Structure formats: C-alpha cells, structure tokens
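Trainee: This structure is in structure tokens; I'll ask about it shortly.
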Amino acid sequence: MNSPITKSKSLDINVIRQEFPILNREVKGRPLIYLDNAATTQKPQQVLDALMHYYTNYNANIHRGIHTLAEEATAAFEQTRDAVKSFIGAGSREEIIFTRGTTEGINLVAYSWGRKNLQVNDEIIISNMEHHSNIVPWQLLCEEKGAILKVIPINEKGELMLDEYKKMLGPKTKLVSIVHVSNALGTVNPVRQMIADAHAVGALCMVDGAQSAVHLDINVTELDCDFFAFSAHKLYGPTGVGVLYGKKAILEAMPPFQGGGEMIKEVTLQKTTFNDLPYKFEAGTPNIADVIAFKSAIHFVQSIGKEKIRRHERDLMDYGQQELEKIPGLKIIGQAKEKAGVISFVIEKAHPQDIGILLDNRGIAVRTGHHCAQPLMDHFCIPGTARASFAVYNTRYEIDELVKGLLRVVKILS
Amino acid sequence: MSQELNIAETEQEIISEFALFDSWDDKYEYIIDLGKRLPPLDTKYKTDENRVRGCQSSVWLVADFKDGKLFFQADSDAVIVKGLISMLIRVLNKRTPDEIIEARMDFIREIGMTTHLAQTRSNGLLSMVKQMKHYALAYKIKDPVPSKN
C-alpha cells in the first residue's frame, strides 16, 4: 500500500495499519503520513464498529431504564468502567469517573476539591512544562482563593529541576499537579518519587496522564497518586471521553462538580442528597456511545501488548532522533534522559509554521506552534516547535519521508 | 508601467502569475521567494499595537497616510506569511481609503488560498486583510478627503 511491510521485532506493523482505514487516504495527492498522534490518535476498525454497533443495536439511555435496550446499554457502559479500572490498576470501580477529557478532569479537581480545601496563602505546585489545561484551572483557583501558585523550573534539556521542587514543598503545600509525559518535549517525569515527596509534606498529588496513558504502563495504586486524568482519544479511542481517577476516600469527601440528573439520590425542593461514587460526579446523560467504544480501544492496546507497542515506539523515537539530527540547522528541543512519544524540533531560519505548511503539502501531518505550553516555549525563547509524535501504526519509512520533506524545507527556506 | 493598475487589475495580474504554476510545490516556492524579498520592518514598529492576531506566527502591520493614500509596511517571522503579506501589499498599497474598503480581494480565493490553506491559516490571512481595511476606515473617518476619480 503506502508503506512496505514492516516487522518490528514481534509486531507486524503492516497488519496493524490495516486496522486503521484512515491511513489509506491521501492528502494533497500523496499518501497520508500521520505524525500528530500526541494531538489525537487514529481509531482502529473495532472502535469504529463498536460505535456503529451501539447505535444500530442497543442505543438507549442508561442507569434508570428497565427495558432491554437500557439494560444492555448500561451493562456495556459499566463494562468500560471495569476495563478502565484494570487498565490503570485502580482499587475499585468507584474511583473511575468518566469525564469529557483530561482538561475536564483537572477542572473537576480544581473546582470540587480545590474550592473546598484551599485557604488563603495555601500553595499549589505545578511545573514550567505544563499544558495549559494543567495551568489555567489552578490559576483560576488560586486567584479565587488567594492561594499561591508555585512553578518547578526546568533545565535546558527540558527536565524538571527536582532539587528546586523539594525546596518548594512545605507545610503550606496542599497540592502538586504534574504532567507525567510532556506533550511538547516528550520528557517522562519521575512522578512516583514526586508523589512520595508531596505526601511527605501532607500534600496531595494529581498526575496529568494525557500522554502517558498510551505510552507507559499505568498503575495508579503503585504510583499512589491521589488523582490521575487522561483522555480516550489519545489512546486510539473516541473523542469526548476521559477518565478521572481519584482515591475513594478523597472523592467521597469532595462536593459535587456539576449538579443535575444521575448524580442525585433524592431531590426535593428543600434539599437534595447526592448519589454514591462514581455517579456523584457524572451529572446528566454521559457520552454513552463513546464510552462503550472506548473499551474496544483498551482491548486493542491490550491485545497487542503495551510492552510491544512501547518497544516499537522506542525504536521509532531512537531512529527519528538519529535521522533528524542529520538535518542541517535542526535542533531537537527536549533532550531529557527519558522521553516518550514525541520529538519536538526547531530549524534555523525556518519558522515552525512554514515547516508545517510545507510538510502538509507532502501529506505529512505534524503539529507546529506552542502546543498549549506557552510558558515552556518562553523558557526556550522560541515561538514554537514542529512536533512529530508517534503511535503504533507509524513506521521507519514514514520517518524517512519526514526527513526527506524536511531536507526540502531547509533547501527552500535557506 | 506608464499607467498604474487599479486593484482589480493588480489582482488579475497575480491570478495570471499563479496560473503559470502546475503544482502547489511550485506555488509555495514562489510565495516563499516573495517573502524573502519583502523588506524587513524596522524593529521599532514591531510592537504589540501593530500585531495582527489570528496567526500562529508573529505578524506586524503598519499604515501611513499621505496625500489621501495609505502606505503599508508589514513583516512576519514566518516566511510563507511574508510572501502572502507581500501580495496583499502589492494589491492594497498606495490606494485611497475607499478603494481599500471596497476591495473584494477575490484573488485570495482564485489562487486557491482559501481551499488549499486550512481554515486556521486562511483566518490569519483574512485577519490581515481586515486589519488593512480597518486602517483605511480609520484614516477615512479621520481625514474625509473626497477621493478624486
């Protein structure tokens, strides 16, 4: 088809690619080379089938109906909850809350936990490499509560300065919210240790797992994080679905996020009591179809095996870095010892936007700009980067095409 | 040229030039070439007030008004954008406010910019046009000289 058969140790990538119908399309007259997986991943046929199957066979509103369709839909919906619980090693299904995505999960914690537990002069710690979704909710919260937002600095390699982090922790620290894998740099942060450090001063720790859920093995019990948020669409699942994991005791003590149907026990005009976990935090009719289809995405990943996927992605990362470094004037941004999933780079005399436009003209999809991490770009004094990010269906051939495209970009723009 | 072209004629010139290219590869090379030749803007003009919003890259636009006509200068840190700017300036520079306000700017669509560029990018281009028209309107209100011919 558009790429030769590629065997990656024990993975036949060409067979995997056949699961993704969108990879057959052309862009600007050339085969699509999709390297924007950190933004969103493509969906395998089984996920697409699950969506159609739901709407064709058992679409119904869930949780309250007693008719057959409602029971089938409810069962399928709750099966995803169980699948997610196993996928991330959570203790109980009450700790798995469905949201619209990572951003909503973080906002839920800021709104529900933050407003109840934060006082004037309390401190929240984030880092300088955070995505805006893990900055702005805390800024809004701190402004409202008179709390202080502290920021862990990063070094020139794009690694957290952990000594500075330890110095920041103190009796006033109430929450640390940290990204697991940076969407802009690929840096993998040592969150397990950071969580332990936070707990040692009595602070809670939230992990932004938007990029890590797909690339790393996640076990929230081992990590001992208090909250973990991630999105289905970055994990070969549909858009509009995310998960917020929270430790049961913490979630139980939190006031609700949104009010409405589903999250109530009893409603009178004088007083309303709230439902048990996890429903307390799932107001209104959820994104039923996409939650159900999400389970197929989890199965897809588990059937291949995260370890095998990781080895293939590791090979792509290493090959990608090695080949990109041969391009004159190209500099890779983010040289942490441990990286996953993305290679961000700049090219001398080439604005990332120009790179993106010219690559798109060859059918190559990369992302350019600040990647919703403006403070991070400010740190490196650059307007943005071009970012190639990988998934299980990418190949070395696609990296070769990217390199060819970039050599041409360099030639035209110099 | 012994006689200056009007806006519509200038737009037609650009459309004809682009028609000579077969592929978008060649069109982009041409745009980039235009961009490289656009004279840089003096740093003193690269301020926040002169920024045009709606672009991933930084774009600055300045307008002067003399003898009833607008004179534009612009710059960007992205070279394709510079190329696009140079085409806009070629069409709208040294025109009266009325001419600029009424300009239809059809050439942008005719050369394929609105279909070929993603919506996000063509929004940036349209922001620039809008900004240039705002300048024209502002100068017209400030100095309402009836335009001759």
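Trainee: Could you work out how far apart the two model spin labels at A:Gln335 and A:Ile22 are, taking each label as a point 7 Å from the Cα in the direction of the beta carbon, and quote it in nm?
Mentor: Once both label points are built, they end up 3.4 nm from each other.
Trainee: Sticking with this one: Farthest toward the dipole's positive end in the protein assembly as shown, which of B:Leu126, A:Tyr58, A:Val27, given Cβ charges of +1 (Lys, Arg) and -1 (Asp, Glu) about the Cα centre?
Mentor: The residue sitting most towards the positive pole is B:Leu126.
Trainee: Around A:Ala184, under 10 Å between beta carbons, what's the net of Lys plus Arg minus Asp minus Glu among the other residues? Before the final figure, lay out the partial values.
Mentor: Numbers: positive: A:Arg367, A:Arg387; negative: A:Glu130.
With Lys, Arg at +1 and Asp, Glu at -1, the net is +1.
Trainee: Could you compute the FRET efficiency for B:Lys142 and B:Leu41, with r as their C-beta to C-beta distance and R0 at 25 Å, rounded to 0.05?
Mentor: Working: r = 23 Å, r/R0 = 0.92.
So, using R0 = 25 Å, E works out to roughly 0.65.
Trainee: Next question, about the same structure. Fully extended, how many nm does the chain gain between A:Leu162 and A:Tyr397 (0.36 nm per residue separation, minus their Cα-Cα distance)? Working shown, then result.
Mentor: Values: separation 235, 0.36 × 235 = 84.60 nm, distance 3.78 nm.
So the chain would gain 80.8 nm between A:Leu162 and A:Tyr397.
Trainee: At a Förster radius of 30 Å, what calculated FRET efficiency corresponds to the Cβ-Cβ distance of B:Phe71 and B:Thr114, to the nearest 0.05? Can you show the working numbers first?
Mentor: Details: r = 27 Å, r/R0 = 0.90.
FRET efficiency, B:Phe71 to B:Thr114: 0.65.
Trainee: Can you bin segment B:45-88 into rounded, prolate or oblate? Criterion: square roots of the alpha carbon gyration tensor eigenvalues sorted a ≥ b ≥ c, rounded for a/c under 1.5, prolate for a/b above b/c, oblate for the rest.
Mentor: On the way: a/c = 2.79, a/b = 1.57, b/c = 1.78.
It is oblate, given that a/c is not under 1.5 and a/b is not larger than b/c.
Trainee: Further question on the same structure: Using the 2.2 N^0.38 Å rule of thumb for compact globular proteins, work out how segment B:9-95 stacks up: its C-alpha Rg over that value, please.
Mentor: 1.15
Trainee: Roughly speaking, what is the centre-to-centre gap between segment A:121-136 and segment A:308-353 when only Cα atoms are used, to the nearest Å?
Mentor: Result: 26 Å between the Cα centres.
Trainee: On a straight-distance basis, which lysines could pair with B:Lys140 in a cross-link, Cα separation under 24 angstrom, same-chain partners fewer than 8 positions away excluded?
Mentor: B:Lys66, B:Lys69, B:Lys94, B:Lys130, B:Lys148
Trainee: Also, quick follow-up: Once the principal axes of the Cα atoms of segment A:349-414 are found, what is the range along each, listed largest first in whole angstroms?
Mentor: Principal extents (largest minus smallest coordinate, Cα): 34, 33, 16 Å.
Trainee: If you keep only loop residues by DSSP, which trypsin sites (Lys or Arg not before Pro) in segment A:10-118 have at most 14 other Cβ atoms within 10 Å of their Cβ?
Mentor: Qualifying residues, ordered by number: A:Arg25, A:Lys28, A:Arg64.
Trainee: Same structure, new question: Can you tell me how chain A classifies by the Cα gyration tensor, rounded, prolate or oblate, using a/c under 1.5 as the rounded cut? Intermediate values should be presented prior to the final figure.
Mentor: Details: a/c = 2.11, a/b = 1.24, b/c = 1.70.
Since a/c reaches 1.5 but b/c is at least a/b, the shape of chain A is classed as oblate.
Trainee: When only alpha-carbon atoms are used, what values of Rg and Dmax, in angstrom, describe segment A:299-414?
Mentor: Over segment A:299-414's Cα set, Rg and Dmax evaluate to 14.6, 47 Å.
Trainee: What ratio of Cα Rg to 2.2 N^0.38 Å holds for chain B?
Mentor: 1.03
Trainee: Residues with beta-carbon under 12 Å from that of A:Arg93, excluding A:Arg93: net charge, scoring Lys, Arg +1 and Asp, Glu -1?
Mentor: Details: positive: A:Arg81, A:Lys85, A:Lys248; negative: A:Glu78, A:Asp82, A:Glu94, A:Glu95, A:Asp276.
Local net charge: -2.
Quick note: the coordinates plus some simple rules give every number you see, no bench work behind them. Everything numeric in this text was worked out from a predicted model, so none of it was measured. Counting neighbours? That spans all protein chains shown, and the Cβs are built from the backbone with ideal geometry, glycine included.
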